[in-house]
Each structure stands twice: as structure tokens, then as C-alpha cells.
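A.B. asks: What follows is a structure written as C-alpha cells; I'll ask about it next.
The values are calculated or read from the model by the stated rules, or taken from the named source; none is laboratory data. Being a predicted model, the structure only gives us computed values, none of them experimental. Using ideal geometry, Cβ is built from the backbone for each residue, glycine included, and neighbour counts are taken over all protein chains shown. Keep in mind that these areas ignore ligands, DNA and RNA; they rest on the heavy atoms of the full protein, side chains included. Shrake-Rupley method; radii C 1.70, N 1.55, O 1.52, S 1.80 Å.
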Amino acid sequence: MSWLGHRRIDLIECGSTNDEAAKLARDGAAHGTVVIAERQTAGRGRDGRAWQSPPGGLYLSAILRPALPLVDVPPLTLAIGVGACDAAREHGAAAQLKWPNDIYVAGKKLAGVLVEAQSQGHRLESVIVGIGVNLATTPDLDTATSLGNVDRAAFTTCLLAHVEHWIDRYVATGIAAIVPAWQARMMANLVLRAGELVGSLVGLDVDGALLIRDGYGTIHRIRSGDVSVVH
Ligand code: BT5
């Protein structure tokens, strides 16, 4: 039984589908509700960055109400990346995951994922999963690429099916099934910075912690805190 997108709200334009979905979630919208816009005027990335959202792309946000404690939300974003990567591959792109959650093709960014949790104290109210994918239009950025002329409706259905599959696996089995799937799709040779530490991405530990190898060959486990991509 598919549940992701059982209720769909299609908009011509909005500021950010994540904001629209958050409003709907506050008003009680059900688990699996999806908001899609043809263009966004204030599309957001992480940490206040902008997401270029010209007509022709896919801008989608899903409301999830998973029975998970708040601490289990960050690994959920890895599962969503795996699903988005698979949808792009099914449409012919040699897509890979760039840590933490970007979808890259031949060194350029095809899609991004923005996950935002809404909570009351320690209780998780909802998770808003925002996914932006460049389809017919490539944004005016040297670093961006697009999937090209795919059928937008068919791609949307495919994306929702893959993302649903990986959310279900995560909720059913925890991080165990996600780590190997994520690693199998990840971009290697990435240099990351975590505080004072600069080193290459090794992958994920069995519990989802990030593994970074420093210049002396020592592997460090990073559980939380700010990690950025150097190149
Ligand atoms: C992301 O942020 O990659 C998350 C993007 C999520 C967008 C979706 S669209 C639906 C939903 N509603 C929203 O308002 N957001 C979500 P981040 O990792 O911070 O990457 C942002 C960076 O990607 C920017 O600073 C640019 O360098 C680059 N960028 C901006 N627009 C792009 C685009 N359309 N394609 C490729 N790269 C882009």
C-alpha cells in the first residue's frame, strides 16, 4: 500500500513548499501529505542558503508523522537521499550521493534535500521532507545540472515510490539497512571539515556516524556538530 502522496496539493507558485507543508502540518495535515509547486519564489537550502527554483523543476515537500523519537530523525534524511538517488538513476542519470544529502551527476548538483522537524518539547510532531530536483531547466549555476526532458509527472511518481520505500525500510529496520545502501551510492574522495579536523570521507559507521580519515590515517567518528564539505 502506498501512502506517500495519497493526498497531494499542487501549486503553481509559492515561497517555499517546506513552509507550505509546515503550515499544513500545524493545521493537522495527515502523514504522507505532499505539496508540489511549479516554481518557488523563496526556495530554501540548508543554513539559510537559497534554492533556485525556476519553472520546469520539481519542488516537493512531504509531511511525515513517523513514530520515531527526535534523535532518530537525522538518519531518516539519509534514507530519503537514497530514495531520491534511485529515482534519478531510474531516469537514466549516473546519480551519486554527496554527503550529507545532495544528489550529484558527473560532479554537478542535480537535487537537494532539506529535512526540517517540528517538535513539542521532546515529542516529534512532524517532519517536513523537502526535495528539489532540476528537470527541464538547469539553473544558472556552474555547479548545477538537470535530468533533462523527463516526464515530470512520471518522475514525481517514481520519486515518491522510491522515497517511500526507503522511509519504510528505515522505520522497520532502523539504520542497519540504510548505511550499506547509502555507502553503495556515495561519492568517494570527498574532503570534509569537522571542527579542527580535516580529512577524507571513509563512509558511515554501522550506527550512521560519519567516518573521516585524517592525514595520518587515523579514522575519526563524528556523531554530531558542524561538518562541511571542503571539496
Ligand atoms: C539543499 O541545500 O541542497 C536543499 C535544497 C532543497 C530544496 C527543496 S525544493 C522543495 C523544498 N522547498 C524548499 O524551500 N526547499 C526544498 P544546500 O545543501 O544548502 O544547497 C544549497 C546550494 O545549492 C546553494 O547555495 C547553491 O550553491 C546550490 N543550488 C541552489 N539552487 C540550486 C539548484 N536548483 N540546483 C543545483 N544547485 C543549486
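A.B. asks: Could you list, in sequence order, the residues of region 39-57 that are outside any loop (DSSP other than H, G, I, E, B), in contact (Cβ under 8 Å) with a residue 12 or more places away in the chain and more than 8 Å from the ligand (Cβ to nearest atom)? Explain how you work it out, then say what you get.
C.D. replies: In the first step, residues of region 39-57 are kept if they are outside any loop (DSSP other than H, G, I, E, B); the result is 39-40, 44, 46-48, 50.
The next check asks that each one be in contact (Cβ under 8 Å) with a residue 12 or more places away in the chain; those that pass are 39-40, 44, 46.
If the condition is that a residue be outside any loop (DSSP other than H, G, I, E, B), in contact (Cβ under 8 Å) with a residue 12 or more places away in the chain and more than 8 Å from the ligand (Cβ to nearest atom), then ARG39 is the only one that fits.
A.B. asks: Out of ARG65, ARG123, ARG89, which single residue is under 20 Å from THR17 (Cβ atoms) and open to solvent by 30 Å² or more (accessible area, probe 1.4 Å)?
C.D. replies: After applying the criteria, what remains is ARG65.
A.B. asks: With in contact with a helix residue (DSSP H, G or I) (Cβ under 8 Å, 6 or more places away or on another chain), in a strand (DSSP E or B), under 21 Å from ARG49 (Cα atoms) and modelled with pLDDT under 95 as the only criterion, which of ALA117, ALA111 stands out?
C.D. replies: So the residue among ALA117, ALA111 that is in contact with a helix residue (DSSP H, G or I) (Cβ under 8 Å, 6 or more places away or on another chain), in a strand (DSSP E or B), under 21 Å from ARG49 (Cα atoms) and modelled with pLDDT under 95 is ALA117.
A.B. asks: So for region 163-175 (the condition being within 16 Å of the ligand (Cβ to nearest atom), under 30 Å from GLY92 (Cβ atoms) and either in contact with a helix residue (DSSP H, G or I) (Cβ under 7 Å, 6 or more places away or on another chain) or not in a strand (DSSP E or B) (or both)), does at least one residue qualify?
C.D. replies: yes
A.B. asks: Output the qualifying pairs, or none if there are none: Cβ atoms under 9 angstrom, residues six or more apart or on different chains, first residue in region 15-28 and in the same structural domain as ALA117 (by TED's automatic domain parsing), second residue among the aromatic types (Phe, Trp, Tyr).
C.D. replies: SER16/TRP51; SER16/TYR59; THR17/TYR59
A.B. asks: Of all the residues that make up region 180-231, how many are without any contact (Cβ under 8 Å) to a residue 12 or more places away in the chain, open to solvent by 50 Å² or more (accessible area, probe 1.4 Å) and of a type in the set (A, V, I, L, M)?
C.D. replies: Looking only at that region, the number is 1.
A.B. asks: Looking only at region 22-38, which residues are touching a Leu at 6+ places or on another chain (Cβ under 9 Å) and within 12 Å of the ligand (Cβ to nearest atom)?
C.D. replies: Listed by number, the residues that qualify are VAL34, VAL35, ILE36, ALA37, GLU38.
A.B. asks: Mind checking which residues of region 139-148 are within 12 Å of the ligand (Cβ to nearest atom) and out of contact with any helix residue (DSSP H, G or I) (no Cβ under 8 Å at 6 or more places or on another chain)?
C.D. replies: PRO139, ASP140, LEU141, ASP142, THR143, ALA144, THR145, SER146
A.B. asks: State which residue is farthest from ILE212 (Cα to Cα) when the search covers only region 94-108 and only residues that are buried (at least 18 other Cβ atoms within 10 Å of the Cβ) and without any contact (Cβ under 8 Å) to a residue 60 or more places away in the chain.
C.D. replies: Applying the filter and picking the extreme gives VAL105.
Matching residues to (1) more than 11 Å from the ligand (Cβ to nearest atom); (2) out of contact with any strand residue (DSSP E or B) (no Cβ under 6 Å at 6 or more places or on another chain); (3) not charged (D, E, K, R):
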{"site": "ALA95", "(1), (2), (3)": "yes, no, yes"}
{"site": "ILE103", "(1), (2), (3)": "no, no, yes"}
{"site": "ALA106", "(1), (2), (3)": "yes, yes, yes"}
{"site": "ARG123", "(1), (2), (3)": "yes, yes, no"}
{"site": "GLY132", "(1), (2), (3)": "no, no, yes"}
{"site": "THR137", "(1), (2), (3)": "no, yes, yes"}
{"site": "VAL150", "(1), (2), (3)": "yes, yes, yes"}
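A.B. asks: Give all pairs with beta carbons closer than 6 Å in which a residue from region 77-93 that is within 19 Å of GLY208 (Cβ to Cβ) meets a residue that is open to solvent by less than 20 Å² (accessible area, probe 1.4 Å) and in a loop (DSSP other than H, G, I, E, B); count only pairs at least 6 apart in sequence or on separate chains.
C.D. replies: As it stands, the answer is THR77/ASN101; GLY81/ASN101, since those pairs meet every condition given.
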